Amino acid sequence: MDIFVTPSSPPSRGLLHLSEIRDMCAPCALGQGGVAATKKEGDGITPAGAWPVRRIWYRPDREARPVSPLEICQIDRKTGWCDDAERAEYNRPVALPFDGSHEVLWRADGLYDIFLELGFNDAPPEPRVGSAIFLHLEKNDFQPTLGCIAVSRNIMGRILTHITPSTIVHVG
């Protein structure tokens, strides 16, 4: 199954289609700067392209462990993601505390209760090109993201039941 994300209006909104579910179309949130082919760290752009799904991450106190053929990672209070372009850990998960710039994955707002890690700028990471591009849960009626794709909990559940190791997320 592949996932297709098409930008709409405003630029921070889109429509998500699952190739396995005919006629299924769902709203999604995109980066506050919309979608573009060129991305830089912190620009609020969702990168256009075709991105493989690397892993599923989940928060065990809020979500049951997903059943999937993909690698599944459990987050805890010490799980972070490096967005410090000067560090060797750039665009990689890190253990907290971490002295470089990073994002905390254990969040109060539920955004990362369950999410897909997308294979953007990770083979190997190129400094300042962008990090932590996830397909995660939306909040506040599809508020713009910092560059990720955000969907409802219901749509995330449908994605998880159809996802395979060969799933690609097509953006743009």
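The values are calculated or read from the model by the stated rules, or taken from the named source; none is laboratory data. If you're wondering where the values come from, they're calculated on a predicted model, not measured in any experiment. Quick reminder, even Gly has a Cβ in these numbers, built from the backbone with ideal geometry, and neighbours come from all protein chains shown. With ligands, DNA and RNA removed, areas are computed over all heavy atoms of the protein, side chains included. Shrake-Rupley method; radii C 1.70, N 1.55, O 1.52, S 1.80 Å.
A few remarks follow.
- Working from Cα pairs under 8 Å separated by at least six residues, relative contact order for the stretch 3-54 is 25 percent.
- Put the Cα centre of the stretch 122-172 next to the Cα centre of the stretch 38-84 and the gap is 7 Å.
- Dimensions of the chain from C-alpha coordinates, computed as largest minus smallest value along each principal axis and given longest first, are 46, 35, 31 Å.
- Global form of the stretch 132-172, assessed from the alpha-carbon gyration tensor, a/c cut-off 1.5: oblate
- Looking at the chain, the DSSP beta bridges with both ends there are about 70 percent antiparallel.
- The stretch 57-138 - charge dipole about Cα centre, Lys and Arg +1 at Cβ, Asp and Glu -1, debye rounded to 20: 200
- Karplus-derived 3J(HN,Hα) values for the stretch 147-164, using 6.51 cos²θ - 1.76 cosθ + 1.60 with θ = phi - 60°, are x, 7, 10, 10, 10, 5, 4, 4, 5, 4, x, 5, 4, 4, 7, 10, 5, 9 Hz; glycine and proline are entered as x.
- The distance between label points at ASP61 and GLU20 comes to 3.2 nm (points 7 Å beyond Cα on the Cα→Cβ vector).
- Heavy-atom accessible surface of the chain: percent carbon and sulfur, 1.4 Å: 51
- Based on Cα contacts under 8 Å between residues 6+ apart, the stretch 47-172 shows a relative contact order of 31 percent.
- Under Stokes-Einstein, with the Kirkwood radius over Cα pairs as Rh, the value for the stretch 1-92 at 20 °C and 1.002 mPa s is 136 µm²/s.
- A straight chain from THR6 to GLU103 at 0.36 nm per residue would run longer than the Cα-Cα distance by 32.3 nm.
- The listed peptides 61-69, 43-51, ordered by packing as a protection proxy, come out as 43-51, 61-69 (highest mean of other Cβ atoms within 10 Å first).
- Per residue, the stretch 17-133 exposes an accessible area of 49 Å² to a 1.4 Å probe, with every protein chain left in place.
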